[in-house]
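Have a look at the structure below, then the notes.
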Amino acid sequence: MSTVASTAHADDSPQGEYKSPGSVASRTPRTRKHALRQVAEEQRQAMIENFDLEVEDKIRSMMAQLEDDKADLLLKADCEIAQLPKCVREMPLKAFLRKYNGEVSAAVLGVLEMDSAAQDCLVSLPETPLAIRLRRKAAAAAADK
């Protein structure tokens, strides 16, 4: 026998080739399945970790979007409230609900119907586009006469 054959294990092939105990050729079908399961388990674990990272990233981006939307809504609410007459803005919520049934338009009309002494709070009432057009039309008609 050659030197390679002399180092060969007793369960090696009859041709005298040396095979390491961990080589693929020396594995039994059962250990191949185990190796494949182990690889599949490692891949599954890697996929789960990747999925967890993606979910965490999505949650972070959604939370950031939520904070931006919250800030936008608060700003819009503040702008809407700022457009109300000062006397309506300063009114307690219970009084507003009791007197105007929670309707902003009724509150503005109620303020408009007040006597002239109390109408100084209307200074902050914004001019609507319709009112602007009517005022311009009246000014143009007055200029033509």
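Fully extended, how many nm does the chain gain between R98 and L130 (0.36 nm per residue separation, minus their Cα-Cα distance)?
On the way: separation 32, 0.36 × 32 = 11.52 nm, distance 3.02 nm.
Length gained, R98 through L130: 8.5 nm.
Determine the order of K70, K145 by accessible area, beginning with the largest, at a probe radius of 1.4 Å.
Details: K70 110, K145 205 Å².
Per-residue accessible area, sorted high to low, gives K145, K70.
The values are calculated or read from the model by the stated rules, or taken from the named source; none is laboratory data. If you're wondering where the values come from, they're calculated on a predicted model, not measured in any experiment. Please note that ligands, DNA and RNA were not included when accessible areas were found on the heavy atoms of the full protein model with its side chains. Shrake-Rupley method; radii C 1.70, N 1.55, O 1.52, S 1.80 Å.
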